[in-house]
1. Taking amide H positions as placed 1.01 Å from N in the peptide plane, with prolines and chain starts having none, which residues 5 or more places from Ile214, or on another chain, fall under 5 Å of its amide H?
2. For the chain, set up a GNM with springs between Cα atoms under 10 Å and report which of Glu232, Glu172, Glu91 has the largest fluctuation.
3. Using a ≥ b ≥ c from the Cα gyration tensor of the stretch 113-216 (square roots of the eigenvalues), is it rounded, prolate or oblate, where a/c under 1.5 gives rounded and otherwise the larger of a/b and b/c decides, a/b for prolate?
4. Could you check the simple spin-label distance between Arg147 and Ala160, using points 7 Å along Cα→Cβ, in nm with one decimal?
5. What ³J(HN,Hα) values, in whole Hz, does the Karplus curve 6.51 cos²θ - 1.76 cosθ + 1.60 give for the stretch 37-51 when θ = phi - 60°, with x put for Gly and Pro?
6. Helix 123-136: angle to the longest alpha-carbon principal axis of the chain, degrees 0 to 90, nearest 10?
7. What FRET efficiency comes out for the pair Asp93/Ala135, r = Cβ-Cβ distance, R0 = 35 Å, nearest 0.05?
8. First measure r as the distance between the Cβ atoms of Thr40 and Ala246, then evaluate 1/(1 + (r/R0)^6) with R0 = 45 Å and state the FRET efficiency to the nearest 0.05.
Amino acid sequence: MSFFNDVERELIVTRRTEVAEDIVALELAASNGRPLPAWTPGSHIDLILGDSVERQYSLCSDPSDRDAWRVAVLREPAGRGGSVAAHALREGDLVRARGPRSNFAFDSPAAGGVRFVAGGIGITPLLSMIRAAEASGADWTLDYAVRSRARLPFVDELAAYGDRVRLHVSDEAGRLDASALVASAGGDPIWACGPARLLDALGAAATAQTRLHIEPFTAAVLPDPVRAEPFEVELMSTGEVLEVPADRSVLEVLESHGVFAVSSCREGTCGTCETVVVEGEVDHRDRVLSPAERQTSPVMMVCVSRAACPRLVLDL
Ligand code: FES
């Protein structure tokens, strides 16, 4: 993660569009008129929407456009603060943001096909990937599941791709068949984003040959920790040892001892709090690292992951 991606910047809402029922698209430019940082398909930004309210939103515009970013925000049913505050933004309003950063980096295949699968607002990170796949000449398709046509954003953009886009509208009996989709993908990579139910169905249908890349937009229902009792974290820079009780996260313990740790979602989905582990075995509980990354990358998300051993040494 780049330090500069953790710098807060002030953005101005240059355009606000209701793109579907309960979904608003916001175009954001730097308030000082300077170009925005570069980003790659699959990246997201953190919008700071009030005291202690931050939300991650995928960038869904053209990465080559350094003048403006676009995000789309679904008003959440329970009216949780982040989405309500984002919907309340109007053209001309200022909003602070960090990023972009990416936990969902996309490589358009040089040959063969690529399958995109989206559910609801999960279309957002895929839009820029689709743009890249189209530009590279890849043979791509999108299967997009929505509850109703009223909830379908970016209709014109998707229609321009013709029959590469297949809609599955559940109130028209058009539910997406995850098993059939995975089987038809063969060796083509699948890039999917959406609610846990959709991603779990794809995961359940996957075989050893399936090349499945997923980005959840909700936190997982976590299993019980490997280790129920407290454990220790040692800070490599000072040698200080902190105890992490069973009912607190590593992040909370760090913060309560004045140790600076950047965080955002605090539920294991954004990757902001990634911390290098120098020693010890981690009980990974995030939805950022893939199974392979858990084996090869000496890092953990301190907001949710815990120790599977008595002590972890962290590069802090
Ligand atoms: S703060 Fe988002 S993964 Fe930890």
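1. Ala192
2. Checking each option, the largest mean-square fluctuation is seen for Glu172.
3. It comes out oblate by the Cα gyration axes.
4. The two pseudo-label positions are separated by 2.9 nm.
5. Those phi angles translate into x, 5, 8, 10, x, x, 7, 9, 10, 9, 9, 9, 10, x, 4 Hz.
6. Once rounded, the angle reads 70 degrees.
7. Rounded to the nearest 0.05, the efficiency is 0.60.
8. 0.70
The values are calculated or read from the model by the stated rules, or taken from the named source; none is laboratory data. Keep in mind it's a predicted model, so treat the numbers as computed, not measured. Cβ coordinates were reconstructed from backbone atoms using ideal geometry, including for glycine residues, and neighbour counts include every protein chain displayed. Areas reflect the complete protein model, heavy atoms only, side chains present, ligands, DNA and RNA absent. Shrake-Rupley method; radii C 1.70, N 1.55, O 1.52, S 1.80 Å.
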